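Right, one structure below, let's go through it.
The values are calculated or read from the model by the stated rules, or taken from the named source; none is laboratory data. Quick caveat, the model's predicted, so the values are computed rather than measured. As a convention, Cβ positions derive from the backbone with ideal geometry for all residues, glycine included, and neighbour counts pool all protein chains shown.
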Amino acid sequence: MSILHMRHPRSPSLATALAIPLVLAACESEVAAPPEDFEEGAIAVDASSPVAFAYLSLAGDGSLLAPTDPSASTDWHLALRRFSVRLNGGVAGPGSVAGFNLANNGDLSAEQVAALTEADGRSAFEAVTAADIPPASSFVEDGLAPDPGASWFRFDFRTGSLVANPGAAWKVRESSGRGFAVFRVAALEMEGERPVGATVEYRRHDPNGTLGAPRTLSADLRRGPAFLGFQDGPAASPAGCGWDIAVTPDLTIQVNADCGAGTFPLDPAEDFTALARAGDAPDYGGFLAVVGGAFPSTVDNAGGHFWYNIQENSRMWPTYNVFLVRTGEGIYKVQMTGYYDATGTSGHPTLRFQRLQ
């Protein structure tokens, strides 16, 4: 992983232009202008690993960290992996870092986002001042949200068909408190464009409290949803608490939330076959879960930090939305400005940031 620092002190003309409105805002809402030493920085990060996060601190000039145990460290503020952004708080880390999406370009169309320039991004970034900081209650830590992209399957360009994605897996709290398990979809059976079956691989806690050997359940989708219980096997109907998850012909996975079942996404760095526990997740959502927060887990609209495949060329476009990140030291504005390095290699996001308070 690599990191590049660039500092951009305020120009006198910009400071002069912002001085009057900031003074007025301070009088009206007690929001003070940032000290002059809160200079702007920019960081380019090699976050190209599909498994490992790159951990960043926004303090000072910003720095790339290598915490021995990120799950126990409060030194990092943001973690980047490919296009994913995690904050050190909530279910993503032990800190109290929280964020707020100003979504300044959230209403733009795909064509408008594709037409944005670096100058447009800088103008949007410079327009954000301490007066734009919302109430503390508006900041959110990372939590669980429904998986919007059905990450358990993908399109195989070689075969021209949908296939399972066993790289995506979930820890499960079973219905009615029966126990815990971990599962993934190991195979997807298609007839043309119609899904007709799926093979679910799972590991369930043995009586001694560790996950047992992998087993499989078959989901027949020809006649409708298949309701699966990791303790008792397939269920005849959705009535009652005899099932934990259901695989449906429209390629969704439902969770028996009415009976207390829930999921937590397994991190790609965790080995499905070697995992020892499934009951240690910080939370379990009553849906097929992903981790999300102020920085969305999706890249398919103008409300996030990137928008993917706008021109059907498998490229990532920065939306130039500005995010506010609250750390223990202060509040920063953060903006993603690119996703590729100088050679065009993906997974190298660049962000600019500045402390506001």
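For every residue, the table says whether it meets (1) of a type outside the set (Lys, Arg); (2) under 17 Å from GLN254 (Cβ atoms); (3) part of a strand (DSSP E or B).
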position	(1), (2), (3)
VAL163	yes, no, yes
ALA168	yes, yes, no
VAL182	yes, no, yes
ALA186	yes, no, yes
VAL200	yes, yes, yes
ARG203	no, no, yes
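Can you find even one residue in the range 329-339 that is aromatic (Phe, Trp, Tyr) and farther than 20 Å from GLY99 by Cα?
Yes - at least one qualifying residue is present in the range 329-339.
Right, THR159: modelled with pLDDT under 95 and of a type in the set (S, T, N, Q) or not?
So THR159 fits the description; yes.
Is one or more of the residues making up the range 103-118 surrounded by 14 or more Cβ atoms within 10 Å (Cβ to Cβ) and in a strand (DSSP E or B)?
For the range 103-118, residues surrounded by 14 or more Cβ atoms within 10 Å (Cβ to Cβ) and in a strand (DSSP E or B): absent.
Looking only at the range 119-143, which residues are under 14 Å from ARG352 (Cα atoms) and assigned to a helix (DSSP H, G or I)?
Passing the criteria: ALA119, ASP120, GLY121, ARG122, SER123, ALA124, PHE125, GLU126, ALA127.
Hey, does the range 93-101 have a residue that's among the hydrophobic types (A, V, I, L, M, F, W, C), under 25 Å from GLY304 (Cβ atoms), in contact (Cβ under 8 Å) with a residue 24 or more places away in the chain and in contact with a Ser or Thr (Cβ under 6 Å, 6 or more places away or on another chain)?
Filtering the range 93-101 for residues among the hydrophobic types (A, V, I, L, M, F, W, C) gives 97-98, 100.
After this cut, where a residue has to be under 25 Å from GLY304 (Cβ atoms) as well, the list is 97-98, 100.
If we keep only those that are in contact (Cβ under 8 Å) with a residue 24 or more places away in the chain too, we end up with 97-98, 100.
Next, only the ones that are in contact with a Ser or Thr (Cβ under 6 Å, 6 or more places away or on another chain) stay: 97, 100.
Yes; the residues of the range 93-101 include at least one that is among the hydrophobic types (A, V, I, L, M, F, W, C), under 25 Å from GLY304 (Cβ atoms), in contact (Cβ under 8 Å) with a residue 24 or more places away in the chain and in contact with a Ser or Thr (Cβ under 6 Å, 6 or more places away or on another chain).
Take VAL291 and tell me if it is surrounded by 15 or more Cβ atoms within 10 Å (Cβ to Cβ) and in a loop (DSSP other than H, G, I, E, B).
When the stated conditions are applied, VAL291 does not pass them.
I'm checking my understanding of the structure. Among residues of the range 269-286 that are assigned to a loop (DSSP other than H, G, I, E, B) and either in the same structural domain as ASP69 (by TED's automatic domain parsing) or among the small types (Gly, Ala, Ser) (or both), which one is surrounded by the most Cβ atoms within 10 Å (Cβ to Cβ)?
ALA278
Looking only at the range 65-86, decide whether some residue is at pLDDT below 90 and among the charged types (D, E, K, R).
Scanning the range 65-86 turns up no residue that is at pLDDT below 90 and among the charged types (D, E, K, R).
Select from the range 146-204 the residues that are under 15 Å from ILE245 (Cβ atoms) and polar (S, T, N, Q) and list them in ascending order.
Passing the criteria: SER151, SER175, SER176, THR199.
Can you name the condition, by its number, that ILE245 falls short on among (1) in contact with a strand residue (DSSP E or B) (Cβ under 9 Å, 6 or more places away or on another chain); (2) outside the structural domain of LYS171 (by TED's automatic domain parsing); (3) at pLDDT 95 or above?
Only one criterion is unmet by ILE245, namely (2).
Residues of the range 294-322 being β-branched (Val, Ile, Thr), surrounded by fewer than 23 Cβ atoms within 10 Å (Cβ to Cβ) and either at pLDDT 95 or above or closer than 13 Å to ALA110 by Cα (or both), which ones?
Listed by number, the residues that qualify are VAL299, ILE310.
Being within 21 Å of SER48 (Cα to Cα) and either touching a residue at least 12 places away in the same chain (Cβ under 8 Å) or hydrophobic (A, V, I, L, M, F, W, C) (or both) is the requirement here; does PRO134 meet it?
It is false that PRO134 is within 21 Å of SER48 (Cα to Cα) and either touching a residue at least 12 places away in the same chain (Cβ under 8 Å) or hydrophobic (A, V, I, L, M, F, W, C) (or both).
Looking at the range 65-82 only, could you name the residues that are in contact with a Ser or Thr (Cβ under 9 Å, 6 or more places away or on another chain) and in a loop (DSSP other than H, G, I, E, B)? Break it down into steps so the answer makes sense when it comes.
Within the range 65-82, the first condition is being in contact with a Ser or Thr (Cβ under 9 Å, 6 or more places away or on another chain), and the residues that meet it are 65, 67, 74-78, 81-82.
Correct list: PRO67, THR74, ASP75, TRP76, HIS77, ARG82.
Quick check on the range 29-41. Is at least one of its residues crowded, with 16+ Cβ neighbours inside 10 Å, modelled with pLDDT under 95 and assigned to a helix (DSSP H, G or I)?
no
Look at the range 42-74 and say how many of its residues are loosely packed, with under 15 Cβ neighbours inside 10 Å and free of Cβ contacts under 8 Å to residues at least 40 places away in the same chain.
Residues meeting the conditions: 6.
From the list GLY242, GLY212, GLY167, GLY179, which one is over 24 Å from the mean Cα position of the chain (by Cα) and exposed (fewer than 15 other Cβ atoms within 10 Å of the Cβ)?
On the way: GLY242 fails: exposed (fewer than 15 other Cβ atoms within 10 Å of the Cβ); GLY167 fails: over 24 Å from the mean Cα position of the chain (by Cα); GLY179 fails: exposed (fewer than 15 other Cβ atoms within 10 Å of the Cβ).
The conditions single out GLY212.
Could you run through the range 294-320 and say how many residues are within 15 Å of PHE83 (Cα to Cα) and out of contact with any helix residue (DSSP H, G or I) (no Cβ under 8 Å at 6 or more places or on another chain)?
The qualifying residues number 17.
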